[in-house]
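K.L.:
Following this message is one structure expressed as C-alpha cells.
The values are calculated or read from the model by the stated rules, or taken from the named source; none is laboratory data. What you see is a predicted model; the values in this text were computed from it and never measured. Reconstructed Cβ throughout: ideal geometry from the backbone, glycine too, with neighbour counts over all protein chains shown. Accessible surface is based on the protein model in full, side chains and every heavy atom, while ligands, DNA and RNA are left aside. Shrake-Rupley method; radii C 1.70, N 1.55, O 1.52, S 1.80 Å.
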Amino acid sequence: MKSSINKCLFPAAGYGTRFLPATKAMPKEMLPVMAKPLIQYGVEEAVEAGMNIMAIITGRGKRAIEDHFDISYELETQIKDTPKEYLLEDIRSLIQKCTFTYTRQIEMRGLGDAIYKGRVLIGNEPFAVVLADDLCTSEGEGVLSQMVKIYQKYKCSIVAVEEVDISEVHKYGIISGREIDDNLYMIDTMIEKPKQSEAPSNLAIIGRYILTPDIFELIAQTKPGKGGEIQITDALMMQVKKGMVLAYKFKGKRFDCGSIDGFVEATNHFYQKSHTQG
Ligand code: G1P
C-alpha cells in the first residue's frame, strides 16, 4: 500500500441547520472564524500534512466553496498594488499548491454515503477525511500530520479521538480498544452515537480520519444505521473485524464549530491568539 497520502476528502454537502438563517444561502463550511472560512482551515491542515489534492463533496447551494478556491479576477485587479493585497496571500498560495476536485452528493444519506461519493475522486489509494466543522488547532504539528506519521508506520485506517464528558457520548462515534502505544488504541468496538448506558468508553471520534481504499467496498455493504443513514462508523467496524483500525488521541484542541457554543469558543481562541502574537 502507498505510504504517502496526497488526497484529502471534505464532506461538505450538509445543510448546517444549526446555523440557520446564516446557512440558508451560504454553505456552513464558509462561515468564518476571524476572517477565514472553516473549510480553509481544513485545507491548510491537509496541505501542512503533505496533501495537495482536495476532493470536496458538495451539494446544492454550495458553489461559494468552488468560487473561494478559485481566482476572483475582478476583486484581484481592484486590490492589486493596494495595502489590502496581502489579505489574499494565503488563499492564493493554497490555490497554487493544490488541485480542487468536486462531486455532488445528491441525497443526504449520511457521512458514509458522502465518503462513498468521493470514490471517483480518490481512486485506489489511502486518503484523509476532514469534517470542516471540527476545527483543530495545535501548538506543534497539525492533527492530520500527526495521523500521517502513524499511518506510515501501521498502514491501516485511523480515526482521531478525544475524551468527552460521558453526557456527550450520544453526539459522537464512540470507540473502545487496547492501548498499543502512547495515545494509540487498537479498536475493538465502535458505536455511532450510543446512549450513555451503551457507550463502550468516552473516547469520541472527531472529524479527522485516514482511510484505506478498501473502505469503499465496505461502505457499499453497509446497511443504514443510526438515523437511517449510512454511517462511516459502521463501515469502519467491518474493517475492524477484517483487520485493524487505530484510534489516535491527538495532541491539540478541537472546536465543534457545528454548534454555536463551539463556534464562539473557536472565535475567541483565534482572536486571543492573533492578539498575543501581536
Ligand atoms: C460524524 C460521525 C461521528 C463523529 C462526528 C465527529 O457525526 O458520524 O461518528 O463522532 O462526525 O464530528 P455528525 O457530527 O456528522 O453527526
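K.L.:
Here are some conditions: (1) away from the ligand (no atom under 12 Å from the Cβ); (2) more than 20 Å from residue 241 (Cα to Cα). Residue 168 meets all but one. Which one does it not meet?
P.N.:
(1)
K.L.:
Identify the residue in the range 181-207 that is within 17 Å of residue 246 (Cβ to Cβ) and without any contact (Cβ under 8 Å) to a residue 24 or more places away in the chain and, among all such residues, is least open to solvent (accessible area, probe 1.4 Å).
P.N.:
Once the filter is applied, the top-ranked residue is 181.
Each row is one residue, and each column tells you yes or no for (1) touching a residue at least 60 places away in the same chain (Cβ under 8 Å); (2) surrounded by fewer than 21 Cβ atoms within 10 Å (Cβ to Cβ); (3) more than 15 Å from residue 33 (Cβ to Cβ).
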| site | (1), (2), (3) |
| --- | --- |
| 220 | yes, yes, yes |
| 250 | yes, no, yes |
| 255 | yes, no, no |
| 258 | yes, no, no |
| 266 | yes, no, no |
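K.L.:
Across the range 115-140, what is the total count of residues that are under 18 Å from residue 160 (Cβ atoms), outside any strand (DSSP E or B) and within 16 Å of the ligand (Cβ to nearest atom)?
P.N.:
4
K.L.:
Can you list the helices (runs of 4 or more DSSP H) found entirely within the range 177-278 that contain at least 3 residues being within 16 Å of the ligand (Cβ to nearest atom) and touching a Phe, Trp or Tyr at 6+ places or on another chain (Cβ under 8 Å)?
P.N.:
260-276
K.L.:
Ok, one more. Looking for whichever is modelled with pLDDT of 95 or more and open to solvent by 10 Å² or more (accessible area, probe 1.4 Å) here; the options are 48, 76. Which one fits?
P.N.:
After ruling out the rest, the residue left standing is 48.
K.L.:
For residue 81, indicate whether it is open to solvent by 70 Å² or more (accessible area, probe 1.4 Å) and on the phi < 0 side of the Ramachandran plot.
P.N.:
Here the answer is no, as residue 81 does not meet what is asked.
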